[in-house]
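Each remark here refers to the structure printed beneath this line.
The values are calculated or read from the model by the stated rules, or taken from the named source; none is laboratory data. Quick caveat, the model's predicted, so the values are computed rather than measured. When we count neighbours, we look across all protein chains shown, and the Cβ atoms used for this are built from the backbone with ideal geometry, even at glycine. Side chains are part of the model used for accessible areas, which takes the heavy atoms of the whole protein and leaves out ligands, DNA and RNA. Shrake-Rupley method; radii C 1.70, N 1.55, O 1.52, S 1.80 Å.
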Amino acid sequence: MLRTLLAMLVVLFMSAFPVAHAQTDQSANQQQEKLMLGGPEFWTEVRDGDSGFTVASGNEAGQLINVNGQRWREIRNQWVSPLGLTFLGVSAASLLLFYLWAGRIELVNKRTGKKVKRWTPFERAMHWFTAITFLILGFTGIVLLYGRHFIKPVAPDALWGSIIYASKVSHNYLGPLFVLGLLCMLVKWMKNNFINKVDIEWFKQGGGILPNGKHPDAGFCNGGEKIWFWLLATVGVVVCITGLVMDFPIFDQTRQDMQIANVIHGIASLGLLAAAFGHIYIGTAGTEGAFEGMATGYVDEAWAKQHHKLWLDEVQNGQQDATEATKKQQHT
């Protein structure tokens with residue numbers, strides 16, 4: 001009995017050595033792994049963008065560093081920002097020089113006092129909703145892109161923080177509303193904005209905004225308005241799509257996708273804003289009577305005849321037809 005007990009103790013004692021040895025090897029491996037993770041080889045792989053394993057879920061969860069981030073910053077700061085300032089500066093300077101040269105386009109004939117309905121209340125509301133959101137988005141976008149150069153150096157830290165935060169929040173939340181407004185405008189006015197022979201002739205004669213006394217005929221929309229419409233339908237749609245890609249990162253967009261969208265969004269937005277300067281100028285200070293239409297819904301007959309004669313003819317013919325039809329009904 002004693003011998004049997006001693007034999008069991010010897011077996012247990014001997015079997016303990018492999019376990020202890022295995023535990024020692026495991027501990028050594030863990031220490032070696034820690035040294036490797038903290039060593040230059042590990043960080044070289046991280047900087048190269050290699051992916052590893054992580055318990056976090058989601059797209060790119062195993063990639064610690066986005067190696068394209070620095071390239072995106074360089075493109076944004078060295079190309080997009082200067083290019084945007086060039087767009088805006090050239091547009092503003094060109095309009096100023098044009099105004100100094102051509103002046104305001106006045107009405108050739110005196111106002112008749114007769115008003116012609118040009119825009120319905122719904123169309124005006126749709127236009128102003130989209131226009132106001134566009135201007136807010138343009139302003140906040142400029143603050144986000146250039147504010148650190150012009151506002152931050154002169155504003156207290158607390159004020160600068162509030163400005164940049166308000167700009168970011170309003171830009172993100174108003175973006176989808178602008179998308180809805182733009183889509184409504186494109187659907188509503190698509191039929192009025194196809195280029196035709198009348199528009200080609202309109203361009204040849206300078207569009208009625210040159211100081212040469214020529215005021216070419218135009219339909220409901222002239223050639224310039226149609227160009228602005230198609231800019232919205234192309235560049236504006238690109239701005240909307242790229243903005244939504246960044247606004248809703250819930251469709252497995254990678255960080256590189258977001259960076260590409262940001263670059264395209266910046267270039268398209270700044271170009272569209274520069275073009276909008278011309279649209280705003282012609283619709284306000286550049287042309288007498290143009291603002292009245294979108295402000296009240298009605299334009300003077302003299303303005304309509306000078307700038308949209310073909311449309312005025314259609315309206316007057318339609319009114320005459322309606323009057324004749326009413327008279328016939330009264331006689332029967």
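Within the range 207-238, restricting attention to residues that are open to solvent by less than 20 Å² (accessible area, probe 1.4 Å) and assigned to a helix (DSSP H, G or I), the residue that is nearest to residue 259 (Cα to Cα) is 236. Evaluate the range 259-274: report whether one residue or more is open to solvent by less than 60 Å² (accessible area, probe 1.4 Å), of a type in the set (Ser, Thr, Tyr) and in a helix (DSSP H, G or I). So far as the range 259-274 goes, yes, one or more of its residues are open to solvent by less than 60 Å² (accessible area, probe 1.4 Å), of a type in the set (Ser, Thr, Tyr) and in a helix (DSSP H, G or I). In the range 94-119, the residues that are within 22 Å of residue 294 (Cα to Cα) form Cβ pairs under 8 Å with partners that are open to solvent by 60 Å² or more (accessible area, probe 1.4 Å) and part of a helix (DSSP H, G or I), at six or more places apart or across chains, as follows: 95/277; 109/305. Of all residues assigned to the range 157-170, at least one qualifies as being surrounded by fewer than 14 Cβ atoms within 10 Å (Cβ to Cβ), in contact with a Leu (Cβ under 8 Å, 6 or more places away or on another chain) and at pLDDT 95 or above. Residues considered: 147, 89, 84, 181. Of these, the only one that is touching a residue at least 24 places away in the same chain (Cβ under 8 Å), assigned to a helix (DSSP H, G or I) and more than 24 Å from residue 294 (Cβ to Cβ) is 84. Scanning the range 120-131 for residues that are in contact with a helix residue (DSSP H, G or I) (Cβ under 9 Å, 6 or more places away or on another chain) and either at positive phi or without any contact (Cβ under 8 Å) to a residue 24 or more places away in the chain (or both) returns 122, 131.
When 296, 332 are checked against the criterion of being at pLDDT 95 or above and open to solvent by 70 Å² or more (accessible area, probe 1.4 Å), a single residue qualifies: 296. For the range 103-130, filtering for residues that are open to solvent by 70 Å² or more (accessible area, probe 1.4 Å) and of a type in the set (A, V, I, L, M) leaves 1. Residues satisfying the criterion are absent from the range 185-203 (criterion: at positive phi and either of a type in the set (Gly, Ala, Ser) or outside any helix (DSSP H, G or I) (or both)). Among the numbered conditions (1) open to solvent by 60 Å² or more (accessible area, probe 1.4 Å); (2) out of contact with any helix residue (DSSP H, G or I) (no Cβ under 8 Å at 6 or more places or on another chain); (3) touching a residue at least 24 places away in the same chain (Cβ under 8 Å), the only one that residue 255 does not meet is (2). Of the residues 137, 100, 96, which is open to solvent by 50 Å² or more (accessible area, probe 1.4 Å), under 15 Å from residue 280 (Cβ atoms) and not acidic (Asp, Glu)? Exactly one of 137, 100, 96 is open to solvent by 50 Å² or more (accessible area, probe 1.4 Å), under 15 Å from residue 280 (Cβ atoms) and not acidic (Asp, Glu), namely 96.
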